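*Asks:* Below: one structure in structure tokens.
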Amino acid sequence: MLCDRCGENEASVHLTRIINGQKEEIHLCEECARRSSKLNIEDNNLSFQSLLSGILNHNFSNQESSYFTNKNSKELKCPNCGLSYQEFTQGGLFGCQKCFEIFEPKLDELFKRIHGNSRHKGKYPLSFKQLIEVESEINKLKKEMQVAVEKEDFEKAAEIRDKIHAVKDDMEEDKNEK
Amino acid sequence: MKNNLVSDWQIEDGNEKDVILSSRIRLARNLKKYKFPNRSNYEEKKELIASLKRELDFLIDSGFDFYLMSDLSEIEREVLHEEHLISQGHTESSETKALFLNNSKHLSIMVNEEDHLRLQILKAGLEFNDLWQKIDQIDNQLDEKLEYAFSDKWGYLTSCPTNVGAALRASVMCHLPALVLSGRIDNILGAVGKFGLTVRGVAGEGSSSEAELFQISNQITLGFNEKEIIDKLDSVIQQIIAEERKSREYLLRNNYLKLKDNVLRSLGILKYAYQLEEAEALKYLSRIKFGQDANLIEEKLDQDLFSKLLFKIKDAHLKHSFGMKLKQDKINIKRAEIIRNILNEE
């Protein structure tokens, strides 16, 4: 196969580009590939930013969410870092943790487009993990208390109730320490 | 810099090193209290750095050095970038960007890159489990001292929506000469995309297609846990390794003489060339690595030649070894000299 660009040398570099679902194959010789490689790298960066911005804007204009009209979501603005939703769709970067709360109604849809998912399944920070463990401990105790009440074993129920309070108090203390 | 900044993790033993040069895992973390680097001003960035230096002093005791990027020379920053220890964006001389770097130079924490913290760990060959264990442990140690930006719905919160969730990017650098030579690379790499992975030619020099080096990494970070992300990447990589080896066998069976000629010519050029550009040197070294892995070279050469030279022959490394004012033609002469010396001493 000869090079698509110079038509003289044997093509040894084969590129496939997919733009808007249109597949394009390019076959280049080493010489032409070297000449175009620098350009390609810059192109790639550009297309990543514009692609992301495209996803964000698409979401923005087409997904008429039940919470917001377009006008309202344009006015969404993070009070902590000052980033507006519109700026976010252009720059493609969040400005702080608070942005996630402020833009919340828009984000599940956005994350689904990017990741195909919108819920975290990975690890938790230690503080969250402890919180979850405490919550599940409390839920367990509550169930035990229910069973005790049904059996009319009120003494035991009161004992479990005190335990629940103790666990909750411990949690509050830990929080205050941090 | 406190120590010699050239690392040697890349020449250590590793699994599947005929195809996989190195593995890397990177985590992005932000702190709840601070604006992300793209929205924070000079003072806020400095404050974050000061507080990290205080809170993370245990890192210094456990073998890390701390640097402000503005404390390092241009060459030192470029060398760190060539060694994959910092990103391109982190090479600017800045008082608001910083780096924790461990002594053996395979573990780095960039401060005020796109996120507050970018932790990354590197190893030669294919090895994700060990890397994950180690970086997970460091992450937990930081977690005890810092309050991470986190949501139970969306996981670790990052500047860029593409990193949200596990905020983990795992990647390998692989050498795929036979898939390139046989023209099968397009199909394979196209298929890789369908598994939520991305492929690109290895950083910066535009020499990827000639050196036949590719970086493959996960794209998706939300909806899967760390182990699932790593296992999926690992299973796809295993298949690419198998395909590359199959293609090598096929090429050797059908084009033995041509390949052997090509490999030995490359060796001849590197043994006698007086000046070499980086891309050209990488291209021939790549051929020689292929020749070594496929037993096409009878001469006794250092089995780890490629890994040993991969960083050493890059521009900033040469400037670092031979003086920072070296002009490009002198760099090319030095590069050829280093390679010549290694090849002719055997």
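Read-outs: derived from the displayed coordinates by stated rules, not from any lab. Since we're looking at a predicted model, the values are computed, not measured. For neighbour counting, all protein chains shown are included, and Cβ atoms are generated from backbone atoms with ideal geometry for every residue, glycine included.
*Asks:* Using only DSSP helix segments of four residues or longer, with each worth -39500 (n - 2.57), what per-residue ellipticity at 222 nm results for the protein assembly as shown after dividing by its residue count and rounding to 500? List each step's numbers first, then the result.
*Replies:* On the way: 19 runs with 273 residues, N = 524.
About -17000 deg cm²/dmol.
*Asks:* Still on this structure, I have one more. Identify, among B:333, B:25, B:197, the residue whose Cα sits farthest towards the positive end of the charge dipole of the protein assembly as shown, taking +1 on the Cβ of Lys and Arg and -1 on the Cβ of Asp and Glu, with the dipole about the Cα centre.
*Replies:* B:333
*Asks:* Under a no-solvent Debye model with one identical scatterer per Cα of region A:78-132, what's log10 I(q)/I(0) at q = 0.15, 0.21, 0.25 Å⁻¹?
*Replies:* Each listed q maps to, in turn, -0.55, -0.90, -1.03.
*Asks:* Once you keep just the Cα pairs under 8 angstrom separated by 6 or more residues, what percentage relative contact order results for region B:12-164? Can you show the working numbers first?
*Replies:* Values: 250 pairs, mean separation 55.5, N = 153.
Normalised by residue count, the contact order of region B:12-164 is 36 percent.
*Asks:* For region B:93-136, what does the convex hull of the Cα positions come to per residue, in cubic angstrom?
*Replies:* 95
*Asks:* A further question on this structure: Which value, in debye to the nearest 20, gives the size of the charge dipole of chain B about its Cα centre, when Lys and Arg are +1 and Asp and Glu are -1 at the Cβ? Let's see the in-between values first.
*Replies:* Details: 49 positive and 56 negative charges, 143 e Å.
Computed charge dipole of chain B: roughly 680 debye.
*Asks:* Along the positive direction of the dipole of the protein assembly as shown (beta-carbon charges: Lys, Arg +1; Asp, Glu -1; about the Cα centre), which of B:154, A:145, B:256 reaches farthest?
*Replies:* Selected residue: B:256.
*Asks:* In the structure shown, do any of B:271/B:334; B:35/B:145; B:45/B:97; B:17/B:258; B:46/B:319; A:112/B:194 have a Cα-Cα gap over 20 Å, and if so which? Numbers along the way, then the final one.
*Replies:* Details: B:271/B:334 13 Å; B:35/B:145 18 Å; B:45/B:97 8 Å; B:17/B:258 24 Å; B:46/B:319 31 Å; A:112/B:194 16 Å.
Over 20 Å apart, Cα to Cα: B:17/B:258; B:46/B:319.
*Asks:* Okay, next question. In whole Å, what three semi-axes, largest first, describe the equivalent ellipsoid of region B:252-344 built from its Cα gyration tensor (square root of 5 times each eigenvalue)? It would help to have the intermediate numbers written out before the result.
*Replies:* Values: eigenvalues 141, 28, 21 Å².
Semi-axes from the Cα gyration tensor: 27, 12, 10 Å.
*Asks:* Enumerate the helices in chain B for which the Kyte-Doolittle hydropathy averages -1.0 or more and the C-alpha atoms extend at least 18 Å along the helix's axis, using complete DSSP H runs. Provide the component values of the computation, followed by the final result.
*Replies:* Numbers: long enough: B:42-55 (20 Å, -1.31); B:129-145 (25 Å, -1.59); B:226-272 (48 Å, -0.55); B:278-293 (22 Å, -0.64); B:328-345 (26 Å, -0.73).
Helices meeting the span and hydropathy rule in chain B are B:226-272, B:278-293, B:328-345.
*Asks:* For region A:91-160, count all C-alpha to C-alpha pairs, find those more than 21 Å apart, and express that count as a whole percent of the total. Working shown, then result.
*Replies:* Working: 1349 of 2415 pairs.
Above the 21 Å cut-off, region A:91-160 has 56 percent of its Cα pairs.
*Asks:* Please state the relative contact order of region B:231-346 as a whole percent: Cα pairs under 8 Å, 6+ residues apart?
*Replies:* Relative CO of region B:231-346 lands at 32 percent.
*Asks:* As an exercise, take the mean of 1/r over every pair of distinct alpha carbons in chain B, invert it, and state the Kirkwood radius in angstroms. Walk me through the intermediate numbers first.
*Replies:* Numbers: mean 1/r = 0.0468 Å⁻¹.
In chain B this quantity evaluates to 21.4 Å.
*Asks:* Between rounded, prolate and oblate, where does region A:126-177 land on the alpha carbon gyration tensor, with a ≥ b ≥ c its root eigenvalues, rounded for a/c under 1.5, else prolate if a/b exceeds b/c? Write down the numbers at each step before the final one.
*Replies:* Working: a/c = 6.06, a/b = 2.16, b/c = 2.81.
Here region A:126-177 falls in the oblate category.
*Asks:* Got the relative contact order for region A:126-177 handy, in percent, Cα pairs under 8 Å and 6 or more residues apart? Could you put the intermediate results ahead of the total?
*Replies:* Working: 23 pairs, mean separation 18.5, N = 52.
Value for region A:126-177: 36 percent.
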